[in-house]
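The values are calculated or read from the model by the stated rules, or taken from the named source; none is laboratory data. Because the structure is predicted, anything quoted here is derived from the model rather than measured. Note that we place each Cβ from the backbone using ideal geometry, even for glycine, and neighbour counts take in every protein chain shown.
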């Protein structure tokens, strides 16, 4: 990417910043291109050293300066690559996933689904009881109380279901993150 193309894309990405800030940033980038040219680099190499204009703009929006951004990119490039997982790690992750995680998560999912369906049934029964008591008044007081109790039970059940689903999702995220760490770092 040439200097002009890079500056144009960067200016677009920085569009939400103030005019003076954008002007200062573009001046810094032009200086970087000039310094790279003096060092014998092409415009494409200078642009590659800066990285993607949208990422550079995001760094500037976070308040970083060009020297800090370049230092961060150098450290990122110098960071060691992740090693390939060993066969022992692969077997561990697969066995835990197949024989522990998948059955446990499927069981929990069906329990949550059962709770949801039973809550729907309780809510429908409460509604039917309340409607019936309204139209056929002989058991009005006891029917209304029982219907309200069922309705309360249904609302309470929905709250329990909400937290069950929430912690099911959080537990799944935790499990996946744990397995990623084991996969990446080994047992």
Test residue 10 against the criterion of being within 22 Å of residue 74 (Cα to Cα) and either surrounded by 17 or more Cβ atoms within 10 Å (Cβ to Cβ) or at pLDDT below 85 (or both), and give yes or no.
yes
Mind listing whichever residues of the range 1-44 are farther than 20 Å from residue 58 by Cβ and assigned to a loop (DSSP other than H, G, I, E, B)?
2, 39, 40, 41, 42
Quick check on residue 101: is it in contact (Cβ under 8 Å) with a residue 12 or more places away in the chain and within 28 Å of residue 184 (Cα to Cα)?
yes
Which pairs turn up if I take residues in the range 62-89 that are more than 18 Å from residue 51 (Cβ to Cβ) and look for partners that are modelled with pLDDT of 75 or more and not in a loop (DSSP other than H, G, I, E, B) with beta carbon separation below 8 Å, at least 6 apart in sequence or on another chain?
82/184; 85/93; 85/183; 85/184; 89/182; 89/183
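Yes or no, residue by residue, for (1) modelled with pLDDT of 80 or more; (2) surrounded by fewer than 11 Cβ atoms within 10 Å (Cβ to Cβ); (3) touching a helix residue (DSSP H, G or I) at 6+ places or on another chain (Cβ under 7 Å):
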| residue | (1), (2), (3) |
| --- | --- |
| 1 | no, no, yes |
| 16 | no, yes, no |
| 42 | yes, no, no |
| 51 | yes, no, yes |
| 82 | no, yes, yes |
| 110 | yes, yes, no |
| 117 | yes, yes, no |
Looking only at the range 78-99, decide whether some residue is outside any loop (DSSP other than H, G, I, E, B) and over 30 Å from residue 172 (Cβ atoms).
yes
